[in-house]
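Below is one structure, written out as structure tokens; comments come after it.
Where a number appears in this text, it was derived from the coordinates with a stated rule and is not lab data. This structure is a prediction, so every number in the text was calculated from the model and none was measured. Here the Cβ positions follow ideal geometry from the backbone for every residue, glycine too, while neighbour counts run over all protein chains shown.
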Amino acid sequence: MKQKIILLMALIAAIITFSACSSDDDDNKISTSSIIGKWYAEDEGYGCEFQFNVDGTLTYIETMLDAPTSKVRDSGTYKLDGNKLTLQWTKSETWSNYSQQWVVDDTSTETAVVRISLRGNQLILYPDNPGDSSKPVIFSREWSFL
């Protein structure tokens with residue numbers, strides 16, 4: 001009987017040891033698949049939309065809420081490492097009301113790094129630079145049904 005209790009206690013100790021919470025480093029890891037899709041936010045008079053694609057490309061469209069035909073579209077690639085999101089912008093376009101199409105403004109490369117967190121249906125972008133006084137921007141997932 002005593003041997004069974006010792007074995008049971010050893011088994012319980014093993015279960016507790018191997019099912020304990022992960023380290024703090026793992027708490028900040030976000031999978032790339034969890035950000036795939038469209039995310040929308042309104043910030044300081046602008047509608048902001050991110051589209052993260054499975055192939056590592058992204059599109060960002062910013063629309064003036066007071067003038068919905070005034071739009072800018074940036075595209076490029078992204079890489080997610082833990083909770084750091086690196087955005088590599090390669091093309092910027094503006095919407096032309098005259099020609100009713102996107103017109104390329106700039107093809108120079110620009111890199112931006114932000115920290116992100118996911119809370120349910122929200123993607124929160126924080127400035128990566130601790131000295132940056134910018135406030136976080138909260139995006140909500142846009143669901144599309146095929």
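Quick rundown of the values:
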item	result
Computed Kirkwood radius, in angstrom, where 1/r is averaged over Cα pairs of the stretch 53-146	15.1 Å
Gain upon complete extension [residue 75, residue 107; 0.36 nm per residue less C-alpha separation]	10.6 nm
Virtual spin-label span in nm between residue 117 and residue 36, 7 Å along Cα→Cβ	2.6 nm
